[in-house]
Amino acid sequence: MSKIISSLQNPVIKNVLLLSEKPRAREEQNRIVIEGLREIRLAIVSGFNITDLFFSPELVSMAEVQSLLHQSQQTELTEVSRDVYNRMAYRKDSGGLIALAEPRRLGFSDLQLSKQPLLLVLETVEKPGNLGALLRTADAANLDAVIICDPQTDIYNPNAIRSGIGCVFTMPVVTASSEDAIAWMRGSGIKMFGAALTATRYYHKSNFVRPAAIVMGSEANGLSNTWLESVDDLIKIPMMGKIDSMNVSVSAAIVIFEALRQRDFR
């Protein structure tokens, strides 16, 4: 039997809003907010523990709710009115499902790399939307892992989950300092390719067949001196228009799929 909440002032609902808006609350409570059937299902399949599931029967069928409960045990079910759901949700009248889950924090020792790993490294990524798009690209390319260095946004920011359509759950994601990431990759024999406007080599002239990491900086500042001085090779994408750069998620996708092309998409 599920609980029923119809008041916007209910403390449970207020706490979900707090978790959606405040990274510190997510950290303190060890809970993240997942909105949408596809995203919740991906989290469950990837082994995330769903602790709470909120649903609006006006927006989602009980069959879909029950399918999630069948996959995820020990989940507390709460029915909410349409008004309450729309207050909780980022997208009004969307899928009718919101979950709370325990986050997963991976370290380098948790990664299981292939023989010829291909990684994406992001320095000081700031915008959750960009992070989500980058994770979506990483999933599409089936990368070994994404390493986020000195992050300026929470990897479980609800907007990052939405824009990445849940790929934060399908990809191994490690957050670390730049110094620790550089040391680990050097120790693992992974060649680091840093994208920079100051590079003299075009990306498609580099050899990505060996164990490799593609390192991208922030859109505002690019790579820091720490990375510019530490990578094995600096690369750039030819720019033939009036501007000198593209969105970081677009740039990453271009280089990643060139690396896959060189590997015969294997």
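The values are calculated or read from the model by the stated rules, or taken from the named source; none is laboratory data. These figures come from a predicted structure and were not determined experimentally. Counting neighbours? That spans all protein chains shown, and the Cβs are built from the backbone with ideal geometry, glycine included.
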Is it fair to say ILE256 is part of a strand (DSSP E or B), surrounded by 14 or more Cβ atoms within 10 Å (Cβ to Cβ) and hydrophobic (A, V, I, L, M, F, W, C)?
no
I'd like to verify a number: residues in the stretch 252-266 that are at pLDDT 95 or above and farther than 16 Å from ASN207 by Cβ, how many?
3
Suppose we keep only residues that are farther than 29 Å from ALA253 by Cβ and charged (D, E, K, R) within the stretch 74-119. Which one would you say is modelled with the lowest pLDDT?
ASP93
Report whether or not PRO103 is touching a residue at least 12 places away in the same chain (Cβ under 8 Å) and closer than 28 Å to ILE256 by Cα.
yes
Do we have any residue at all in the stretch 238-252 that's surrounded by 14 or more Cβ atoms within 10 Å (Cβ to Cβ) and under 26 Å from LYS115 (Cβ atoms)?
yes
Of the conditions (1) touching a helix residue (DSSP H, G or I) at 6+ places or on another chain (Cβ under 6 Å); (2) surrounded by fewer than 18 Cβ atoms within 10 Å (Cβ to Cβ), ILE98 satisfies every one except a single condition; which number is it?
(2)
Given the conditions (1) in contact (Cβ under 8 Å) with a residue 12 or more places away in the chain; (2) surrounded by fewer than 18 Cβ atoms within 10 Å (Cβ to Cβ), and given that LEU135 satisfies all but one, which numbered condition is not satisfied?
(2)
